[in-house]
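In what follows, a structure is listed as structure tokens, so that the remarks can point back to it.
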Amino acid sequence: MVFNPLALIAEVTHRCPLHCVYCSNPMQLTAASNELSTEEWISVFRQAGKLGMLHAHFTGGEPLARNDLTELIAAARAAGLYTNLITSGIGLNEQRLQMLVKAGLDHIQISFQDSREDAANWIAGTKAHAHKTELSHAIRRHKIAFTVNLVVHRQNLDHLEEMISFIEQLQPERVEIAHTQYYGWALANRAALMPTRAQLETAVAIIREAEKRLSGRMRIDSVVPDYYAKYPKACMGGWGRRLMLVNPSGKVLPCHAAEVLPGLSFENVREKSLDRIWQESESFRKFRDEAWMPEPCRSCDRRGEDFGGCRCQAFLLTGDERATDPACSLAPAHRIVESAVEEANSTADIAKPAPASSFVQLQKLTNDLWSYRTNPE
Amino acid sequence: MAPPTETSQPRLATGCRWGGTEEDRMILYPEGALKLQNTGRQVLERCDGQRTFGEILTELQKEFDKTDPEKIRTDISMFLEQLQKKRIVDY
């Protein structure tokens, strides 16, 4: 059965001024020269609107790297889509923000890496923190929904309360406390990112307390990382069920990681309509419905809820894209996730950035710990 | 945050707006959409930031005159309170 798609993830560029170690972009980035043009994106939004889609999520890389972003947002809005901008805020000043709001931007989500400037800049590999903070104040002066996305992991969970207090001062309506997932660059850096069980339990308690305290003022959205959960996440709301992603070169993907899967061909908006791609393309049909499911998924009571978890994660961890997501406690390959969790809990000391006053010093100390996301050519 | 009072003026929260089709109206909000049943739609269409909670109740109690007016009050109060917690409605 083919559902109507609800949300379009418009991955408008892979260019980005940051180098976050937890980035989930593919390791192979689209070259700038290959990006869709303004007109091509406008056509995509028009088609998405006709299909009855409700949301457009502008993301990347850094969507602000596109000079035509104002036009793109206006086009998505005109096509009937609610517009979300998922951004680092780098490349946005009050003037440009005003233009985007005027063009019809509904919601902006700014990522924060930490409450502490040095640590935040260390994670992002760029001096970004001060700008994000200032920008948040500017956002509050406009009629636009504001979410702060706080990325949490092993390196910063020890001061979660402090980070939540910091975010409160920025006054977003909503905060997402996002445990890193392990795709792209984040998978390569997993050992440095995965929290300990103790960190996680403390975090759950802190978040619960904050939710109560902030009820009615700030909404907190947070999910336990799937490696620590009993059952897998309903990735993307199910394969080819509710969401589609158009990447910078016009390729239409069921999710941002799908290109890791072997033997799948993806179609391009330059060649086919969005509607036909959604309905007919091999990649979208591949894991729709239940025919592809192995046991235990095939007869599992939860299959309509979590759809067997994430195909990309299944492939990345087991080599078999049909396997039950190893994050599921019922998965034959669950041991793989259990091992990673054991490893994360066995290391006695948690690597911390040295107490340095300058960002440059921090960077020198950490080249061994993990790899920073590069920019496409 | 407390439930709405008589003089509260409920309205959609910043960044939330109507969307969907004529038959299938919904509220669009950050990364989500709220499909509305008949009553829900009737309530939210009246949350224009002008009408007070008291006025909205009176209108709907008249509209649904076969239902116990106290039940209408409790239900709508709870409905709005839940949406306020989700930051979809303000009052």
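The values are calculated or read from the model by the stated rules, or taken from the named source; none is laboratory data. It should be emphasised that the depicted structure is a prediction, and the values quoted were computed from it without experimental measurement. Methodologically, a virtual Cβ is constructed for each residue, glycine included, from the backbone with ideal geometry; neighbour enumeration extends over all protein chains shown.
Couple of notes before you dig in:
- Some residue of the range A:300-308 being at positive phi and small (G, A, S): yes
- Answer residue from the range B:1-31, given it is in a loop (DSSP other than H, G, I, E, B) and among the hydroxyl-bearing types (S, T, Y) and is farthest from the other protein chains (Cβ to nearest Cβ) among those: B:T7
- Among the conditions (1) free of Cβ contacts under 8 Å to residues at least 12 places away in the same chain; (2) of a type outside the set (F, W, Y); (3) in a loop (DSSP other than H, G, I, E, B), A:K127 misses just one, which is (1).
- Considered as a group, the residues in the range A:136-191 that are polar (S, T, N, Q) and touching a Phe, Trp or Tyr at 6+ places or on another chain (Cβ under 6 Å) include one that is nearest to A:D114 (Cα to Cα), and that residue is A:T180.
- Tally of residues being buried (at least 16 other Cβ atoms within 10 Å of the Cβ), free of Cβ contacts under 8 Å to residues at least 40 places away in the same chain and in a loop (DSSP other than H, G, I, E, B) across the range B:32-49: 2
- The residues of the range A:261-283 that are out of contact with any Asp or Glu (no Cβ under 9 Å at 6 or more places or on another chain) and buried (at least 18 other Cβ atoms within 10 Å of the Cβ), listed by number, are A:L274, A:W278.
- Scanning the range A:59-75 for residues that are small (G, A, S) and either closer than 26 Å to A:Q113 by Cβ or surrounded by fewer than 18 Cβ atoms within 10 Å (Cβ to Cβ) (or both) yields A:G60, A:G61, A:A65.
- Condition met for A:R302 (over 30 Å from B:M1 (Cβ atoms) and within 14 Å of chain B (Cβ to nearest Cβ)): no
- Residue in the range A:234-256 that is part of a loop (DSSP other than H, G, I, E, B), free of Cβ contacts under 8 Å to residues at least 40 places away in the same chain and not β-branched (V, I, T) present: yes
- Residues in the range A:134-154 that are in contact with a Leu (Cβ under 7 Å, 6 or more places away or on another chain) and away from chain B (no Cβ under 14 Å): A:L135, A:S136, A:A138, A:V152, A:H153, A:R154.
- Test for B:I88: is it buried (at least 16 other Cβ atoms within 10 Å of the Cβ), within 11 Å of chain A (Cβ to nearest Cβ) and out of contact with any His (no Cβ under 9 Å at 6 or more places or on another chain): yes
- Any chance B:R11 is closer than 23 Å to A:L81 by Cα, out of contact with any Pro (no Cβ under 6 Å at 6 or more places or on another chain), surrounded by fewer than 17 Cβ atoms within 10 Å (Cβ to Cβ) and modelled with pLDDT of 95 or more: yes
- Each residue in the range A:16-58 was checked for being out of contact with any helix residue (DSSP H, G or I) (no Cβ under 8 Å at 6 or more places or on another chain), surrounded by 20 or more Cβ atoms within 10 Å (Cβ to Cβ) and within 14 Å of chain B (Cβ to nearest Cβ), and 4 pass.
- The one condition from (1) surrounded by fewer than 16 Cβ atoms within 10 Å (Cβ to Cβ); (2) within 14 Å of chain B (Cβ to nearest Cβ) that A:E173 does not meet is (1).
- Selection count where residues are within 14 Å of another protein chain (Cβ to nearest Cβ) and at pLDDT below 90, scope the range A:185-235: 1
- Selection of the range A:315-324 for residues being surrounded by 20 or more Cβ atoms within 10 Å (Cβ to Cβ) and within 14 Å of A:E295 (Cβ to Cβ) yields A:A323, A:T324.
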